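The values are calculated or read from the model by the stated rules, or taken from the named source; none is laboratory data. Predicted model only: the values in this text are computed from it and were never measured. Here Cβ is always computed from backbone atoms with ideal geometry, including for glycine, and neighbour counts include all displayed protein chains.
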Amino acid sequence: MGANRPGTVAAKGLVIVNTGNGKGKTTAALGSMLRAWGNDMKVVMLQFLKSADKESGEHRATRRIGIEIVQCGAGFVFDPASQNLHRTLAESQWCEAQRRIHSDKYDVVVLDELTFPLQFGWIPVTEVIGILKRRPERLHVIITGRGAPKQLIDFADTVVDIINIKHHYYQGVEPQPGIER
Ligand code: ATP
Ligand code: MG
């Protein structure tokens with residue numbers, strides 16, 4: 001590892017990508033937000049695709065401690081009839097993300113499940129990278145979701161690919177409170 005370190009930088013806003021098929025991408029991002037919040041940093045999570053009417057433990061917890069999570073989506077169900085709705089919601093959430101990124105009010109912005117609108121071509125990856133390049137210097141941006149595009153992986157500072165070894169869902173266990181919701 002030491003041989004791969006060309007020099008040291010004391011402070012830098014990072015682009016971090018949590019991708020892969022295993023469980024833990026969003027929960028890792030929530031953990032990062034909690035850690036930043038504990039350093040008196042200003043944090044926000046913008047969720048793509050997830051329904052605004054689906055409330056999980058993280059939504060209740062963050063509301064209680066004053067961390068904002070902005071939900072905007074029609075859920076993970078992809079029937080062809082609702083494609084336009086999903087696309088419109090994703091585009092409007094991306095506009096909101098740009099507004100937050102450029103506001104210079106935040107230290108950490110999490111773009112949860114952004115990889116799906118990127119995969120579907122609803123939001124061009126080149127546009128996302130352009131916005132990330134022009135973000136405030138101190139701002140950390142964490143992007144989660146399966147199948148992160150190569151261009152984003154190449155651009156990011158830190159990328160984790162969470163491998164699925166096994167998941168209780170495939171042993172017939174329903175989503176558990178505190179673990180998945
Ligand atoms: P989490 O929100 O638990 O950190 P994640 O962000 O890594 O999960 P997503 O792709 O966003 O994973 O999927 C969210 C939901 O799907 C969660 O309820 C999670 O438990 C479940 N899940 C994640 N990975 C798998 C998997 N490999 N097989 C089945 N279900 C999964
Ligand atoms: Mg997730």
(request) Residues being away from ligand 2 (no atom under 16 Å from the Cβ) and in contact with a strand residue (DSSP E or B) (Cβ under 7 Å, 6 or more places away or on another chain): count how many of those fall in segment 79-96. (result) 3
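From Ala52, Ala11, Ala61, Ala36, grab the single residue that is small (Gly, Ala, Ser), more than 19 Å from Ala148 (Cα to Cα) and at pLDDT below 90. Let's see the steps before the verdict.
Values: Ala11 fails: at pLDDT below 90; Ala61 fails: at pLDDT below 90; Ala36 fails: at pLDDT below 90.
Step by step, each of Ala52, Ala11, Ala61, Ala36 is checked, and only Ala52 is small (Gly, Ala, Ser), more than 19 Å from Ala148 (Cα to Cα) and at pLDDT below 90.
Condition check ((1) buried (at least 17 other Cβ atoms within 10 Å of the Cβ); (2) within 16 Å of ligand 1 (Cβ to nearest atom); (3) among the β-branched types (Val, Ile, Thr)) across all residues:
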| position | (1), (2), (3) |
| --- | --- |
| Pro6 | no, no, no |
| Ala10 | no, no, no |
| Lys25 | yes, yes, no |
| Leu34 | no, yes, no |
(request) Please give the number of the condition Ala148 fails out of (1) touching a strand residue (DSSP E or B) at 6+ places or on another chain (Cβ under 8 Å); (2) at pLDDT below 95. (result) (2)
(request) Hey, can you tell me all the residues within segment 157-179 that are under 20 Å from Gly147 (Cα atoms) and either of a type in the set (Asp, Glu) or more than 11 Å from ligand 1 (Cβ to nearest atom) (or both)? (result) Asp157, Thr158, Val159, Asp161
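Hey, among Gly66, Gly57, which residue is surrounded by fewer than 18 Cβ atoms within 10 Å (Cβ to Cβ) and within 14 Å of ligand 1 (Cβ to nearest atom)? Spell out the reasoning first.
Working: Gly66 fails: within 14 Å of ligand 1 (Cβ to nearest atom).
Within the list Gly66, Gly57, the selection yields Gly57.
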